[in-house]
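Enquirer: Input: one structure, supplied below.
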Amino acid sequence: MDDALIEKLGILADAAKYDASCASSGAKPRRGGTEGLGSTTGAGICHAYTPDGRCVSLLKILLTNHCLFDCVYCINRRSSNVRRARFTVAEVVDLTLGFYKRNCIEGLFLSSGIIRSPDHTMEQMMLVARTLRRDHGFAGYIHLKTIPEASPWLIEQAGLWADRLSINLELPTDHSLKAFAPEKNGGTIKAVMGQVNERIVEAKEERRRFSPAGQSTQLIVGADDATDRLVLETSGTLYQRYGLRRVYYSAFSPIPEASSVLPVKPPPLQRENRLYQADWLLRYYGFTVEEIASGGEGGMLDLGIDPKLAWALKNRERFPVDVNRADREMLLRVPGLGARAVDKILSARRHTRLRMEDLGRLSSGLRRARPFLIAADYHPVGGLTDRLDLRQRLVTPSRQLSLF
Amino acid sequence: MHTITLQEGADLDGFRRAVRRLTAARTAPEEVLWSVGAPSLFGDDALASDADAPVFLPQAVGPLIETVVCHGDPERYALLHRLVWRVLNGERALLDQHADPLVHRLERLDKAVRRDIHKMHAFLRFRALPPTAPGPEGGERYVAWFEPDHHIVEAVAPFFVERFESMVWTILTPKGSLHWDRRRLMTGPPAERPDALAHDRVADDRFAEGWLRYYESTFNPARVNPTAMRAEMPRKYWANMPETAAIPAMVRSAPARVQAMLEAEAAIPRRRMPEKAVAAMARQAPESLADLNRLIQRSEPLVPGATQAVLGEGPEGAAIAIVGEQPGDQEDRDGRPFVGPAGQLLTAALEEAGIDRESLYLTNAVKHFKFVQRGKRRIHQSPTAGEVKHYRWWLMTELGFVRPRLVVALGATAALALSGRPVSVLRERGPMAFDGWNGFVTVHPSYLLRLPGDEDRRRAQAEFVADLRRAAALA
Ligand code: SF4
């Protein structure tokens with residue numbers, strides 16, 4: 001690894017960092033054995049955290065940051081003046097293996113600007129994955145960000161080698177796409193998502209390996225004027241129709257070489273955070289987009305409090321909830337109680353009537369949950385949920401939350 | 001009062017032996033004093049017993065004990081003994097009572113050990129040492145220094161062995177060491193940090209140095225949030241991770257970097273004409289059948305088996321294209337479609353129907369032979385529906401170049417590929433509209449080969465020839 005390669009690595013890692021996804025989870029167990037290298041365990045590991053609080057799990061780089069396209073939110077767009085660089089297939093393979101052997105990463109997340117043609121670019125990316133798997137017996141994680149404009153046969157090939165494929169939708173509406181990413185087409189992107197989803201489902205039924213960790217996408221928030229409700233509706237559709245594993249939200253972040261078409265001020269980072277929390281409620285807590293949106297105003301989530309609390313405050317008549325009687329569904333709606341705590345409550349209450357002291361050992365969010373609960377020895381006094389200042393009392397001086 | 005002394009570290013064996021004897025002697029936890037120090041001894045002879053019978057515990061208890069013994073807490077053995085005692089004395093479901101103080105405390109110890117194990121898996125860094133001698137033993141060697149909180153050195157070994165089985169490596173810690181030589185795992189005594197692994201020697205290994213650059217570059221200064229970072233990567237681990245040396249400077253320079261980005265005038269877009277991009281997209285599709293065939297040949301089979309891709313054969317512009325299932329054993333060897341037994345049958349039927357095989361375009365829905373090896377024989381396997389769809393784009397693009405007036409599907413696989421839905425050949429044989437093509441469905445000749453009775457086979461063959469005649473008339 002010489003100085004020139006280190007220099008390129010700097011440029012192409014810098015250019016890739018605006019992609020929020022870093023998960024290395026969901027892969028089927030696999031090991032490289034004495035001839036290959038590596039293993040995947042299913043859970044994925046964060047090998048470091050950068051001072052922005054984000055997890056470093058995969059070597060996240062671009063094959064090149066040259067690009068024919070001109071998406072305004074992107075630092076690599078054709079019209080930007082950044083320094084450009086380009087890796088060869090062999091260089092990416094070497095870097096991946098070298099860092100993997102030093103236990104720095106779980107694998108590779110490869111993306112690319114579009115050079116020559118979408119097919120050419122996608123084929124180079126597919127070749128990286130194929131070389132790692134076939135020539136080096138690499139059993140670590142591989143995530144390929146597919147280029148939706150590439151020919152379908154390349155997707156069919158890429159899925160053979162990758163653990164996860166992603167196709168970034170980037171903007172929630174066709175209207176914004178047209179304005180900000182003139183060469184992209186929402187229809188094309190969704191068609192590829194459909195193709196990938198179909199193959200993944202078939203392969204699972206037929207017990208074959210095809211992108212076994214599923215597919216994901218990313219939405220940029222704050223670059224256009226889409227409301228949180230609209231963003232969440234888009235996610236809801238993506239989860240249902242295309243079986244996506246994850247939708248990542250990336251608060252539009254100021255980039256060097258910004259285009260004049262973009263908003264001057266970035267959106268508050270908290271917005272991204274609230275969207276992740278809402279997404280979680282959507283997938284695991286049985287909330288609908290409608291319910292989540294009702295917690296905020298005008299289609300935007302409340303930035304000051306999390307969406308579950310926001311919903312509870314607007315639906316006070318449903319509380320307090322008796323922890324010794326309520327069903328799982330209702331317990332999940334109590335602010336401060338996570339799914340893990342709820343399951344512990346359900347199992348513990350079979351043996352004893354739960355008191356506040358017990359709950360303190362089962363959940364770490366009891367302070368917040370308190371006004372919404374009834375326990376064997378506790379009933380919120382004077383209808384605490386009716387107090388107008390409840391919101392005030394529950395909002396902690398805003399603490400930065402960690403992202404995934 | 002009994003005093004039991006176990007070995008330093010995680011003495012699971014010693015604890016197990018002790019618990020068996022204590023249980024056999026029905027000794028209550030209040031009567032036992034646990035201490036740690038070499039060697040593992042039962043200070044009290046009253047406990048020496050032949051009754052080393054295993055103790056039967058509910059499923060979840062064993063794994064909990066295995067983790068908790070790794071904890072550094074001197075009370076761990078006493079707590080675990082209390083757990084075992086209560087479980088054996090009427091509280092079998094004790095571990096479900098997460099609100100019980102003892103269970104709660106043990107869960108916290110368990111969690112702390114798990115976290116420590118997880119962080120060691122995550123934060124340990126290998127550095128490459130220069131090779132000492134040629135050969136696998138003298139090839140690249142990797143060494144790491146790590147300081148875990150708890151006695152987890154042996155607990156982490158399986159992870160590293162599995163992941164780095166093909167490498168030679170050593171892990172040194174103040175609590176013990178591990179060495180893997182690609183075959184055996186050896187454990188060793190506590191170690192000290194070798195000078196070679198100091199952070200300022202990171203440039204000895206260019207990849208370790210490259211990792212620093214990566215770490216700095218993947219950080220987004222617009223989102224600086226050291227609190228979140230420290231919650232997941234507490235300072236105590238930093239000494240083991242060379243990249244953390246860069247953190248102070250990264251944090252310090254972040255506000256200025258962001259300010260510079262915000263203040264910089266938005267760039268005036270340079271050329272923004274999309275023609276080049278649009279042209280590139282148009283240019284990428286294969287421009288001829290030969291182009292497409294090159295692509296197919298270069299690509300990985302999407303079914304298991306296959307020595308080579310078998311491409312279509314026949315003139316572009318043929319009036320009829322015949323699509324079979326997939327190449328067979330003979331086709332896979334020769335690299336040509338319809339040359340095996342089924343192909344010969346097809347040729348004979350075509351002749352009988354008065355159709356010139358040379359005038360047709362012949363191809364398969366799946367371009368590779370899918371088989372399993374049984375001794376010397378390669379047994380044909382039908383492609384699954386999903387596999388057929390992997391090939392669909394190729395088939396459709398191919399037909400786009402040939403532009404036949406009629407596409408004949410031989411058998412269910414071809415009909416599925418062409419129509420995109422499952423087709424029952426015997427019930428639906430005859431004309432059928434495919435995706436953009438006039439089509440015709442009939443049986444695959446291998447079906448005729450498999451019919452048992454001569455009579456049945458003769459009749460089916462006559463029907464097949466009749467189908468071919470009808471298809472020719474349609475074209
Ligand atoms: S195609 Fe991708 S790399 Fe190119 S400008 Fe658009 S987002 Fe950026």
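Enquirer: Cα to Cα, under 29 Å, and not fewer than 8 places away if on the same chain: which lysines meet these conditions relative to A:Lys265?
Expert: A:Lys17, A:Lys60, A:Lys145, A:Lys178, A:Lys184, A:Lys308
Enquirer: For segment B:124-197, just run the numbers: alpha carbon Rg, then divide by 2.2 N^0.38 Å, N being how many residues it has.
Expert: Numbers: Rg = 11.9 Å, N = 74, 2.2 N^0.38 = 11.3 Å.
That works out to 1.05 for segment B:124-197.
Enquirer: Counting only C-alpha contacts under 8 Å and six or more residues apart, can you give the relative contact order of segment B:124-197 as a whole percent?
Expert: 25 percent
Enquirer: Positive end of the charge dipole of segment A:33-144 (Lys, Arg +1 and Asp, Glu -1 on Cβ, about the Cα centre): tell me which of A:Cys71, A:Gly38, A:Cys104 has its Cα farthest that way.
Expert: So the residue furthest toward the plus end is A:Cys71.
Enquirer: If you place +1 on the Cβ of every Lys and Arg, -1 on the Cβ of every Asp and Glu, and leave all else neutral, what size is the dipole of the protein assembly as shown about its Cα centre, to the nearest 20 Debye?
Expert: 980 debye
Enquirer: In terms of the Cα gyration tensor, with a ≥ b ≥ c the square roots of its eigenvalues, is segment B:2-120 rounded because a/c is under 1.5, prolate because a/b exceeds b/c, or oblate?
Expert: Taking the square roots of the gyration eigenvalues as a ≥ b ≥ c, segment B:2-120 is oblate.
Enquirer: Quick one: accessible surface of B:Asp456, probe radius 1.4 Å, all protein chains present, in square angstrom to the nearest 10.
Expert: Roll a 1.4 Å probe over it and B:Asp456 shows about 70 Å².
Enquirer: How far is it, in nm, from the label point at B:Arg403 to the one at A:Arg134 when both lie 7 Å from their Cα along the line to the Cβ?
Expert: Those two pseudo-labels are separated by 3.4 nm.
Enquirer: Points 7 angstrom from Cα along the Cβ direction at A:Val201 and B:Leu262: gap in nanometres?
Expert: Result: 4.7 nm between the two label points.
Enquirer: Hey, another quick one. Cut-off 13 Å, label point 7 angstrom out along Cα-to-Cβ of A:Ala4: give me the residues of segment A:61-101 whose amide nitrogen falls inside.
Expert: Within reach of a label on A:Ala4: A:86-88, A:91.
Enquirer: While we're here: Helix B:101-123 sits at what angle to the longest principal axis of chain B, using alpha carbons and giving 0 to 90 degrees rounded to 10?
Expert: The answer is roughly 60 degrees.
Enquirer: Let me ask something else about it. How big is the C-alpha Rg of segment A:1-70 next to the rule-of-thumb value 2.2 N^0.38 Å, as a ratio?
Expert: Numbers: Rg = 15.1 Å, N = 70, 2.2 N^0.38 = 11.1 Å.
Here the Cα radius of gyration is 1.36 times the empirical estimate.
Enquirer: Right, something else. Aspartates and glutamates near B:Lys376 by alpha-carbon distance under 19 Å, same-chain residues fewer than 8 away left out - which ones?
Expert: Partners found: B:Asp329, B:Glu331, B:Asp332, B:Asp334.
Enquirer: Still on this structure, please answer the following. Averaged across B:121-128, how many Cβ atoms of other chains sit within 10 Å of each residue's Cβ atom? Mind dumping the intermediate values first?
Expert: Details: counts 4, 10, 6, 4, 5, 5, 1, 3.
Across B:121-128, the average partner-chain Cβ count within 10 Å equals 5.
Enquirer: Roughly how crowded by other chains is peptide B:96-103, in terms of the mean Cβ count from those chains within 10 Å of each of its Cβ atoms?
Expert: 6
Enquirer: Relative contact order (percent) for segment A:3-267, with alpha-carbon contacts under 8 angstrom and 6 or more residues of separation?
Expert: 19 percent
Enquirer: At B:Glu428 and B:Glu154, where each label point lies 7 Å from the Cα along Cα→Cβ, what is the point-to-point distance in nanometres?
Expert: Placing both labels 7 Å along Cα→Cβ, they lie 6.3 nm apart.
Enquirer: If I take R0 = 45 Å and measure r between the Cβ atoms of B:Leu88 and A:Ala339 in this structure, what FRET efficiency does the formula 1/(1 + (r/R0)^6) give, to the nearest 0.05? List each step's numbers first, then the result.
Expert: Values: r = 32 Å, r/R0 = 0.72.
Plugging the Cβ-Cβ distance into 1/(1 + (r/R0)^6) gives 0.90.
Enquirer: How much accessible surface area, in Å² rounded to 10, belongs to the heavy atoms of A:Asp52 with a 1.4 Å probe?
Expert: Near enough 10 Å² of accessible area.
Enquirer: When N is the residue count of chain B, what does its C-alpha Rg come to as a fraction of 2.2 N^0.38 Å?
Expert: Working: Rg = 35.9 Å, N = 475, 2.2 N^0.38 = 22.9 Å.
Cα-based Rg divided by the globular estimate yields 1.57.
Enquirer: Per 10 Å bin, what percent of the C-alpha pairs of the protein assembly as shown does each bin hold, from zero upward?
Expert: 2, 10, 17, 19, 19, 15, 10, 5, 2, 0, 0
Enquirer: Given the DSSP H assignment, sum -39500 (n - 2.57) over each helix run of at least 4 residues in chain A and divide by its residue total; what's the result at 222 nm in deg cm²/dmol, nearest 500?
Expert: The helix contribution divided over chain A gives -11000 deg cm²/dmol.
Enquirer: Let me ask something else about it. Keeping all protein chains in the complex and leaving out DNA, RNA and ligands, what accessible area do you get for B:Asp435 with a 1.4 Å probe, in Å² to the nearest 10?
Expert: Probe radius 1.4 Å; accessible area of B:Asp435 about 100 Å².
Enquirer: Continuing with the same structure: Amide H neighbours of A:Ala16 under 5 Å, at least 5 residues apart or on other chains, H built in the peptide plane: list them.
Expert: Under 5 Å from the amide H of A:Ala16 lie the amide H atoms of A:Leu62, each far enough along the sequence or on another chain.
Enquirer: Relative contact order for segment B:274-474 using alpha-carbon pairs under 8 Å, separation at least 6, rounded to a whole percent?
Expert: Details: 344 pairs, mean separation 45.3, N = 201.
Reported as a whole number, the value is 23 percent.
Enquirer: Probe radius 1.4 Å, ligands and nucleic acids ignored: give me the carbon and sulfur share of the accessible area of segment B:105-245 as a rounded percent.
Expert: Carbon-and-sulfur percentage of accessible area, whole number: 52.
Enquirer: Same structure, new question: For peptide B:253-260, how many partner chain Cβ atoms fall within 10 Å of a residue's Cβ, on average?
Expert: Averaged over the peptide's residues, the number is 1.
The values are calculated or read from the model by the stated rules, or taken from the named source; none is laboratory data. On a predicted model such as this, the values are computed, not experimentally measured, just so you know. Ideal geometry is used to build each Cβ from the backbone, glycine not excepted, and the neighbour counts take in all protein chains shown. We work out accessible area using only protein heavy atoms, side chains counted, and drop any ligands, DNA or RNA first. Shrake-Rupley method; radii C 1.70, N 1.55, O 1.52, S 1.80 Å.
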